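Below is one structure; the comments refer to it alone.
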Amino acid sequence: CPLPRVIGTWDDGNDGWVSSYGAWKRDASGFMKYWSGTGTSYHKTNYTHYVTNGDPIDISKCETVLMKYNVMLSDTDNFENDADKSERLVLQCSGDNGENWQDMKPSSSSPWPPNQSACSNYYCDGGNWPNHRSFEWTAQTIEMPAACRTATARLRFKAWGTDNWRINYWGIDNVIIDDM
């Protein structure tokens, strides 16, 4: 089992990760950032955008695989007067080179960041003050399901939302796969 393996730091480039939309960008300080371009830009319709690791990872000989990464949310508290949690982020894995994807979420041993417990199986924003759900950089650990522990494993972060943009940005950094 060839672990641990760093698959995304974004310190010097995109580390082979591929974006489906230009809002996923490497931040100059060295992390992957999902943002709208300016503090006042809006998505006017529903959207789903991905950033995906470029090459399959062979973890077929690994009995247990942990995904470790850092995540943060800079939510806005002044765009919309609602608390609908409409802008979301989730980590997904695939065991068949990206044909099918399944959502992964932090376990009880790696709890949700502050302000995120009400968001179910994804990270979410919260709209207007006091319902924003910002949180600082938080280390997360997720156990990869057996269906994703293959010779053609892939990982991606999915950002999706409805109607209006209500966040400043999501941040992702230091993605590592490791065993127990």
Hey, which of these cross-link pairs are over 25 Å Cα-Cα: Lys61/Lys158; Lys33/Lys61; Lys33/Lys105?
Lys61/Lys158; Lys33/Lys61
Apply the Karplus parameterisation 6.51 cos²θ - 1.76 cosθ + 1.60, with θ equal to phi minus 60°, to every residue of the range 145-158 and state each ³J(HN,Hα) to the nearest whole Hz, in sequence, with x for glycine and proline.
x, 4, 5, 9, 8, 10, 6, 10, 6, 9, 9, 8, 10, 10
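With a Förster radius of 22 Å, plug the Cβ-Cβ distance of Asn14 and Asn70 into 1/(1 + (r/R0)^6) and report the FRET value to the nearest 0.05.
Numbers: r = 17 Å, r/R0 = 0.77.
Using R0 = 22 Å, I get an efficiency of 0.85.
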How do the peptides 45-56, 23-34 rank, highest first, by the average count of neighbouring beta carbon atoms within 10 Å per residue?
23-34, 45-56
Going by average Cβ neighbours within 10 Å, how do the peptides 59-67, 96-104, 148-156 rank, with the highest at the top?
148-156, 59-67, 96-104
Let me check I've understood the local charge: for Lys25, count other residues with C-beta under 14 angstrom from its C-beta, Lys and Arg +1, Asp and Glu -1. What total comes out?
-1
When Lys and Arg each count +1 and Asp and Glu each count -1, what net charge do the other residues less than 10 Å away from Ile57, Cβ to Cβ, add up to?
+1
Each residue of the range 10-15 in turn: what ³J(HN,Hα) in whole Hz from Karplus with 6.51, -1.76, 1.60 and θ = phi - 60°, glycine and Pro shown as x?
6, 5, 10, x, 8, 6
Quick calc, Ala139 & Thr45: beta-carbon distance into FRET formula, R0 35 Å, rounding 0.05, result 0.55
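Every number here is computed from the coordinates shown, using simple stated rules; none is lab data. Everything numeric here is computed off the predicted structure, so don't read it as measured data. Glycine gets a Cβ as well: all are built from the backbone with ideal geometry, and neighbour counts include every protein chain shown.
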